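The values are calculated or read from the model by the stated rules, or taken from the named source; none is laboratory data. Everything numeric in this text was worked out from a predicted model, so none of it was measured. Ideal geometry is used to build each Cβ from the backbone, glycine not excepted, and the neighbour counts take in all protein chains shown. Keep in mind that these areas ignore ligands, DNA and RNA; they rest on the heavy atoms of the full protein, side chains included. Shrake-Rupley method; radii C 1.70, N 1.55, O 1.52, S 1.80 Å.
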Amino acid sequence: MAAKKGSRKILVLSGPNLNLLGQREPEIYGTDSLADHMLRVDETAKQLGLTTEKVSAQSAAELVAAIHAARSTCDAIIINPGALTHFAWSLHDALASFAGPIIEVHLSNPSSREPWRHESVVAPVASGTIAGFGANSYVFAVHAVATLLSTEK
Ligand code: DQA
């Protein structure tokens, strides 16, 4: 069951190695840290009248637990699963149990990279995917959530 109206909250999930953003392969992922991205998420969410809860995790198990908890506390999920995107079916199944909008986010465009990055096991259970826009991917994702929540019946 989603959280009640009036307290629209987004769970923002970051998968493995995203805690190293800014230091890790900056030519691909940019120089902003995860904290920089999350600050922008919070600013955008605030402008749109939304609140956030953020979880950064290094394992699928931690992300699955956060998704289970969000079933009764959050209205939407924004998730950048990192490399788990490409093989973590437990994430797919956990997200399938969530009733609200789910936006899959990537800083890079996995479809234009190595072949093993071309499959997303999250995409089939996401409302949509935003990939390849660097820091703007997160900002666009918050706008997508706001739009989807505002048109929800
Ligand atoms: C990523 C893309 C994934 O393929 C990769 O494993 C990451 C980051 C992105 O944001 O572009 O860790 O999710």
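Percent of accessible area on the chain owned by carbon and sulfur, 1.4 Å probe?
That share works out to 57 percent.
Angle between the Cα long axis of helix 60-70 and the longest principal axis of the chain, 0 to 90 degrees, nearest 10?
20
Grab the Cα-Cα distance for residue 69 and residue 147, subtract it from 0.36 nm times how many residues apart they are, and report the gain in nm with one decimal. Could the numbers behind the result be given before it?
Numbers: separation 78, 0.36 × 78 = 28.08 nm, distance 2.34 nm.
Length gained, residue 69 through residue 147: 25.7 nm.
Output ³J(HN,Hα) for segment 96-109: one whole-Hz value per residue in order, computed from phi by the Karplus curve 6.51 cos²θ - 1.76 cosθ + 1.60 with θ = phi - 60°, and x for Gly and Pro.
5, 8, 9, 7, x, x, 10, 10, 8, 10, 9, 6, 8, 10
Given H placed on each backbone N at 1.01 Å, which residues far from residue 130 in sequence or on other chains put an amide H within less than 5 Å of it?
104, 105, 106
Per-residue ellipticity at 222 nm for the chain, helices alone: DSSP H runs ≥ 4 residues times -39500 (n - 2.57), over residue total, nearest 500 deg cm²/dmol?
My calculation for the chain gives -10500 deg cm²/dmol from helical runs alone.
From the P(r) of segment 12-71, could you give the percentage of C-alpha pairs in the tail past 15 Å?
Beyond 15 Å sits 56 percent of the P(r) for segment 12-71.
How large is Rg over Rh for segment 43-153, taking Rg from the Cα atoms and Rh as the Kirkwood inverse mean of 1/r across Cα pairs? Can you show the working numbers first?
On the way: Rg = 13.4 Å, Rh = 14.2 Å.
Radius of gyration relative to Kirkwood radius: 0.94.
Within 10 Å, count the other beta carbons around each residue, average over each peptide in 17-26, 82-91, and list them highest first.
Descending packing order for the listed peptides: 82-91, 17-26.
What percent do you get for the relative contact order of the chain when only Cα pairs under 8 Å and 6+ apart count?
27
Report, by chain and number, residues whose modeled amide H sits under 5 Å from the one on residue 56, excluding near sequence neighbours (fewer than 5 apart, same chain).
The answer is 14.
Can you tell which of 65, 76, 45 shows the greatest fluctuation in a Gaussian network model of the chain with Cα springs below 10 Å?
In the Gaussian network model the winner is 65.
Which value, in debye to the nearest 20, describes the size of the charge dipole of segment 15-153 about its Cα centre when Lys and Arg Cβ atoms bear +1, Asp and Glu Cβ atoms bear -1, and nothing else is charged?
For this selection, approximately 160 debye.
Where is the GNM fluctuation largest for the chain (alpha-carbon springs, 10 angstrom cutoff): 32, 75, 42?
32
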